[in-house]
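Please read the structure below before turning to the comments.
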Amino acid sequence: MVIASLNLPEDYWKNISISKQDIDFINNFLFENETPRTARELVPLLIEERIHQEKQSVLSKQKERGKAYLPGQAYHVGEKLVFPKLDWQEGKVVGERPGVNPGIGEFVVLDVEFEGSHVWQFAGCLADHKLNNTFETVKNDNDSGLENILKLYVHDIENKLIKALVEEDGLVRIAGRWFPKALLIDISVGHLNLAEAVLDEADGKPLSTSAILKQIEMPGNMNSNLLEFSMNYALQEDKRFDEIGPAGEVLWCIERLEPEGVRKIPAQLDYSPIPYDKSVLSDEMLALELELDDELSDLNPDEANQAEIVISLAYPHWRAGTLPVSSRVNPFIPYAYESERIRFTLVDEKTNEEIPAWVVRKSRYVYGLKEFYERCGLIPGSLISIRKSKRPGIVFIDAKTHRPKKEWVRTVLVGRDGGIVFAMLKQNISADYNERMVAAVPDIDGLDVARDQFAKSKKSFEEGVTSIMRDLTKLNLQGHIHAQELYSAVNIVLRCPPAPLFSLLSTMDNFNHVGDLHFRLEETN
């Protein structure tokens with residue numbers, strides 16, 4: 001047995017780049033197996049192939065150094081050999097003579113000279129010896145087992161592989177799975193028209209590809225997996241259709257039948273970027289930014305792996321019937337390999353009612369909760385818990401409701417001039433709330449008109465915030481307002497994430513920080 005050592009650099013897998021040879025290997029694999037695969041499924045195959053290539057390279061290099069010594073072979077004086085059992089040391093045959101050992105039969109004794117003029121004896125022409133097995137292998141000297149490599153580097157390798165596969169014209173991707181374009185079954189325009197009719201009849205309810213195919217007459221002698229993938233590709237390339245399933249599930253609907261709040265961002269969530277300097281935000285402000293669960297905040301996804309979180313419902317999402325996909329909420333929401341819009345199910349923990357919902361990934365919100373908010377009697381500032389489910393595509397939601405009772409809360413009113421004013425009034429409250437976020441809205445339609453009027457007034461951001469802060473401070477005997485209260489109020493009038501507002505509070509002289517994120521408006525003559 002000829003054994004070589006494979007000792008890859010420590011950063012081999014960390015710094016791996018996907019080569020044309022790697023892509024050719026994956027192409028050949030997909031052609032031979034005729035089964036679509038995800039990049040994650042292809043990574044172990046790629047790693048094993050790379051290890052195989054590196055082993056073959058080691059063996060090839062060792063062979064270039066000379067013939068590997070085997071006891072059963074005949075050698076002549078002057079021949080150069082390498083000895084696998086001696087860590088591939090090189091030697092030169094300098095003599096030979098008949099061997100004498102009645103117990104093992106005829107053989108030859110070889111005198112082999114190594115570096116340093118050391119001469120050792122080896123057997124030749126010895127037919128019966130365990131080292132005569134010419135199977136060639138390479139042992140791993142470092143910790144390069146497949147399981148360990150996947151544990152450490154699967155995400156990095158997967159991302160690099162996806163980038164390389166995207167550049168490969170001969171492959172197509174559907175719902176995260178890759179397949180050779182040349183093997184796809186031709187799906188005609190007629191078949192796609194029938195698919196549209198099937199989905200039309202479903203009246204907006206998403207259907208799986210197999211459910212669509214059951215109602216379309218296709219030749220019966222086709223590979224079912226290949227047919228389904230081919231139909232998926234044809235539907236994906238037709239702008240009439242939208243793939244909306246969470247990762248691992250392919251679901252189709254007609255784009256024009258999707259709710260308007262999914263196809264177009266609701267007006268209350270629409271944000272015109274405001275220039276600001278985030279470097280001026282204090283640690284307290286940064287901590288509050290995370291706590292506010294604003295989907296527009298540019299924060300890294302939360303990796304705490306919590307089973308449940310509680311969020312406070314900001315006015316824009318209450319009015320639009322949406323949830324923010326903030327850094328804390330994001331881990332609870334189904335994801336997809338490619339789809340920008342994902343259909344999933346929210347389940348009311350109290351009633352077990354299923355609520356059809358949509359994730360709009362690009363704009364970071366969940367749509368479909370308007371009726372839920374109204375049924376639970378929620379107002380801006382109400383508390384909602386979100387909990388994970390063991391079932392894919394299912395998320396539990398719970399409004400912290402209670403028997404209605406009268407409470408003094410901030411109330412948003414529309415003045416005679418159409419402007420927005422704040423007052424402390426008694427309101428019927430049916431759910432727990434965050435005191436700094438709460439705001440009762442008696443006249444929803446009137447507030448919509450007032451918001452539009454403010455937008456048309458072309459007031460600057462600073463002017464708008466100053467006006468709102470001036471109104472809010474009248475409700476506080478100390479004459480100051482907390483940054484979170486101001487954030488809540490500002491977003492009733494115009495959409496604004498925390499950072500631009502906090503930056504304004506930190507940089508403008510007329511906003512005086514009096515401690516613990518409380519600010520006082522210093523009026524100037």
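The values are calculated or read from the model by the stated rules, or taken from the named source; none is laboratory data. The shown structure was predicted, so the numbers you read here are calculated from the model rather than taken from an experiment. Every residue, glycine as well, gets a Cβ built from its backbone with ideal geometry; the counts of neighbours run over all protein chains shown.
Can you name the residue in segment 384-410 that is of a type in the set (Val, Ile, Thr), modelled with pLDDT of 95 or more and within 30 Å of Tyr337 (Cα to Cα) and is also farthest from the chain's Cα centre (by Cα) among such residues?
That would be Ile384.
Give Glu106, Glu64, Glu90 a once-over and let me know the one that is modelled with pLDDT under 90 and closer than 18 Å to Ala127 by Cα.
Selected residue: Glu106, the only one of Glu106, Glu64, Glu90 that is modelled with pLDDT under 90 and closer than 18 Å to Ala127 by Cα.
Within the bounds of segment 373-391, is there any residue that is among the aromatic types (Phe, Trp, Tyr) and farther than 27 Å from Ser208 by Cα?
yes
Pairs needed: first member in segment 362-377, farther than 18 Å from Leu269 by Cβ; second member anywhere, surrounded by 20 or more Cβ atoms within 10 Å (Cβ to Cβ); C-beta distance under 6 Å; at least 6 residues apart or different chains.
Cys376/Ala399
Here are some residues: Asp509, Asp448, Asp432. Which one is of a type in the set (D, E, K, R), at pLDDT 95 or above and farther than 23 Å from Glu407 by Cα?
One residue alone meets the criteria, Asp448.
Pick out, from segment 151-268, the strands (runs of 3 or more DSSP E) lying fully within it that include 3 or more residues that are within 22 Å of Ile355 (Cα to Cα) and in contact (Cβ under 8 Å) with a residue 12 or more places away in the chain.
Here the list reads 251-254.
Quick test for you: out of Phe396, Phe332, pick the one residue that is of a type in the set (Phe, Trp, Tyr), within 24 Å of Ile244 (Cβ to Cβ), surrounded by fewer than 19 Cβ atoms within 10 Å (Cβ to Cβ) and out of contact with any Pro (no Cβ under 7 Å at 6 or more places or on another chain).
Step by step, each of Phe396, Phe332 is checked, and only Phe396 is of a type in the set (Phe, Trp, Tyr), within 24 Å of Ile244 (Cβ to Cβ), surrounded by fewer than 19 Cβ atoms within 10 Å (Cβ to Cβ) and out of contact with any Pro (no Cβ under 7 Å at 6 or more places or on another chain).
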